[in-house]
Amino acid sequence: NRRYNTPTVHTFLSINGVNAGEGTVPGCFPKDNSNNSKKEEDEESVQRRETTTSSYPSNHLQVNGICDLLVEQASRRAYTEFVQEHSFQANYWRDPRTKELDSYHKYSQLARWNNEGPNNNNQTLNENYSKTSKFIWVMATQDSMVWPKEGEHWGCPDSTSNGGDPFQNKILPIKECEWYQKDLFGLKTAQEMGKNVFETFSGDHLRFSMEEFDRWVKSYLKNHQNQEHREEEYSIPKID
């Protein structure tokens, strides 16, 4: 909805969306440091999250050896104009290592959408983003496809401390990430206006229950539709 948002999206529901990018090859996950990060959630979401676990599946490889090679090759191939134009998976590749930052800013579609980097400053994206009234961000607490899973709540890897190795550091919460602090596309403004809602479910990528799905739809989408119908039903016609 940042690029166009016409007709305007009233409520945007993202279930395990790669909002902050994919930071490593699926199957090559670093040690989970999610216990060191805190997410911006309402009280109800916090209560639900505290009843779940936040660890990645134990059979995942660590980022070393063959995984290092796979990450290197993924960035080498993803950060070109041709691949960015022809592969939507490459659009969401966000190598968190500092040495790849310039290539990410130069070639990545995601960097353009997020207004990241010195040459990406499209204010139309901010204007379009601000038109949406509610954003629902749903994170899977045991996501084995997206790293960091906290990116589904707009968290980000820390590439500034402990030698700058993002795979060894904790995942930063939304308010400590550049796109929020600098309000690059309107995320901070949306948060301050109460537009962001953070949800979680216990499970792997898209492995939510139908009960959870029904609750999201009824809580955030159906209620809005019912409100619109009521407004139409009781609207007073204009008489010239």
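What FRET efficiency comes out for residue 130 versus residue 80 if R0 is 35 angstrom and r is the Cβ-Cβ distance? Round to the nearest 0.05.
It comes to 0.60.
Could you tell me how many cubic angstrom of Cα convex hull volume segment 79-235 has per residue?
It is 147 Å³ per residue.
Taking the Cα-to-Cβ direction at residue 165 and at residue 206 and moving 7 Å from each Cα, how far apart do the two end points lie in nm?
Placing both labels 7 Å along Cα→Cβ, they lie 3.4 nm apart.
Using the Kirkwood radius over Cα pairs, work out the Stokes-Einstein diffusion coefficient for segment 104-165 at 10 °C and 1.306 mPa s, in µm²/s as a whole number.
Working: Rh = 14.1 Å.
In µm²/s, the coefficient is 113.
Provide 160, 80, 141 ordered by accessible surface of protein heavy atoms (probe 1.4 Å), highest first. Intermediate values should be presented prior to the final figure.
Numbers: 160 125, 80 45, 141 0 Å².
Ranked from most to least accessible, the order is 160, 80, 141.
Could you work out how much longer the chain between residue 176 and residue 98 gets when fully extended? Use 0.36 nm per residue separation minus the Cα distance between them, nm to one decimal. Mind showing how you got there, number by number?
Working: separation 78, 0.36 × 78 = 28.08 nm, distance 1.69 nm.
Result: 26.4 nm gained on full extension.
State the extension gain, in nm to one decimal, for the chain segment bounded by residue 72 and residue 10, taking 0.36 nm per residue of separation less the distance between their alpha-carbons.
18.4 nm
The values are calculated or read from the model by the stated rules, or taken from the named source; none is laboratory data. Computed from a prediction, not measured in an experiment: that's the story for all the values here. All Cβ positions, glycine included, derive from the backbone under ideal geometry; neighbour counts span all protein chains shown. Just the protein is used for accessible areas: all its heavy atoms, side chains included, with ligands, DNA and RNA removed. Shrake-Rupley method; radii C 1.70, N 1.55, O 1.52, S 1.80 Å.
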